[in-house]
Amino acid sequence: MKFWLKIIIIVLALGILYISFIRASLEKVNDDEKYDKLRKIPISLQLENREGILEKDCYKLPETRTLPDSPFYILKKLRDELWIKFSNNQLNKVKIMLLIADKKMEEAIMLNQKNSNKDLVMKTSQEAVEKLKSVEELVLNMETGDIEVQKIDQRIKTANLAYKKIIDSFELNDKNQQKLFQLIDTCNE
């Protein structure tokens, strides 16, 4: 057998193996998200209730290990996109996209704590907000009477507030911070 044919077969086999791992990890993540096992990093918030009284609330972000400054981050991004593509229904797709947005925001927090390049912190934060905006657009097209959709919608609203608080804690220049706040505010419309 020719050398290049062997290489093609090996690459194809590794691709099939990678996709199998992605599908298996998607099932595990769906189960863990269903039972709230992934979200461990609390963000304290004050929310106004229906009576106009401020109450304390907590939005939890999932943990993340691979950051955008890692050479293996491209595999994580590919995995995330495949998770979205392989989601079996619209509700699961929305939940996975929200999880990915939250993971991106946690990445931005970790990059900021590492005193990484502020442009990378800004870019990662912007990706998180844009993913959150995509989630919100999907939810708007779903049946609003469904209790699960209402829960996701409420989680998105809380995520918007949490993201604002997180971005406010970053020492970004005012122009970049305002750009992110405006993007978040378009999510709320």
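Can you name every residue in segment 40-65 that is in contact (Cβ under 8 Å) with a residue 40 or more places away in the chain and within 23 Å of Q113 (Cα to Cα)?
Kept after step one, since they are in contact (Cβ under 8 Å) with a residue 40 or more places away in the chain, are these residues of segment 40-65: 41, 43, 45, 47, 57, 59, 61-64.
I41, I43, L45, Y59, L61, P62, E63, T64, listed by residue number.
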| query | Has segment 3-15 got any residue that is surrounded by 10 or more Cβ atoms within 10 Å (Cβ to Cβ) and touching a Lys or Arg at 6+ places or on another chain (Cβ under 7 Å)? | reply | no
| note | The residue that is nearest to L98 (Cα to Cα), considering only those in segment 144-183 that are aliphatic (A, V, I, L, M) and at pLDDT below 85, is L183
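Residues in segment 89-100: is at least one in contact with a strand residue (DSSP E or B) (Cβ under 7 Å, 6 or more places away or on another chain) and either under 21 Å from K37 (Cα atoms) or among the β-branched types (V, I, T) (or both)? Write out each step before concluding.
Initial filter on segment 89-100 (in contact with a strand residue (DSSP E or B) (Cβ under 7 Å, 6 or more places away or on another chain)): 99.
Now drop any that are not either under 21 Å from K37 (Cα atoms) or among the β-branched types (V, I, T) (or both), which leaves 99.
Within segment 89-100, one or more residues are in contact with a strand residue (DSSP E or B) (Cβ under 7 Å, 6 or more places away or on another chain) and either under 21 Å from K37 (Cα atoms) or among the β-branched types (V, I, T) (or both).
Given the residues N30, N89, which is the only one that is polar (S, T, N, Q) and over 16 Å from the mean Cα position of the chain (by Cα)? Let's see the steps before the verdict.
Values: N30 fails: over 16 Å from the mean Cα position of the chain (by Cα).
Of N30, N89, the one residue that is polar (S, T, N, Q) and over 16 Å from the mean Cα position of the chain (by Cα) is N89.
So if I check each of Y18, Y73, Y59, which one is surrounded by 11 or more Cβ atoms within 10 Å (Cβ to Cβ), hydroxyl-bearing (S, T, Y) and under 16 Å from I156 (Cα atoms)? Explain how you work it out, then say what you get.
On the way: Y18 fails: under 16 Å from I156 (Cα atoms); Y73 fails: under 16 Å from I156 (Cα atoms).
The conditions single out Y59.
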| query | Out of all the residues in segment 136-164, which are farther than 25 Å from F181 by Cβ and basic (K, R)? | reply | K151
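Which is in a helix (DSSP H, G or I), touching a Ser or Thr at 6+ places or on another chain (Cβ under 9 Å) and under 27 Å from S20 (Cβ atoms), of K103, K165, K133? Outline the logic, then answer.
On the way: K165 fails: under 27 Å from S20 (Cβ atoms); K133 fails: under 27 Å from S20 (Cβ atoms).
Step by step, each of K103, K165, K133 is checked, and only K103 is in a helix (DSSP H, G or I), touching a Ser or Thr at 6+ places or on another chain (Cβ under 9 Å) and under 27 Å from S20 (Cβ atoms).
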| field | Complete set of residues in segment 122-154 that are buried (at least 16 other Cβ atoms within 10 Å of the Cβ) and small (G, A, S) | value | S125, A128, S134
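Anything in segment 135-169 that is small (G, A, S) and either under 24 Å from S44 (Cα atoms) or touching a Lys or Arg at 6+ places or on another chain (Cβ under 8 Å) (or both)? List them, or say none.
Start the filter on segment 135-169 by keeping residues that are small (G, A, S), which leaves 145, 159, 162, 169.
Matches in segment 135-169: A159, A162, S169.
Please go through segment 29-45 and give me each residue that is surrounded by fewer than 13 Cβ atoms within 10 Å (Cβ to Cβ) and in a strand (DSSP E or B), ordered by number.
Correct list: K40, P42, S44.
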| field | Single unsatisfied condition, L26 versus (1) modelled with pLDDT of 95 or more; (2) crowded, with 18+ Cβ neighbours inside 10 Å; (3) in a helix (DSSP H, G or I) | value | (1)
| query | Of all residues in segment 93-121, which are more than 14 Å from S70 (Cβ to Cβ) and surrounded by fewer than 18 Cβ atoms within 10 Å (Cβ to Cβ)? | reply | K93, Q113, N115, K118, D119
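The values are calculated or read from the model by the stated rules, or taken from the named source; none is laboratory data. Note that the structure is predicted; figures quoted are calculated from it, not measured. Cβ sites come from the backbone with ideal geometry, for glycine too, and all protein chains shown count toward neighbours.
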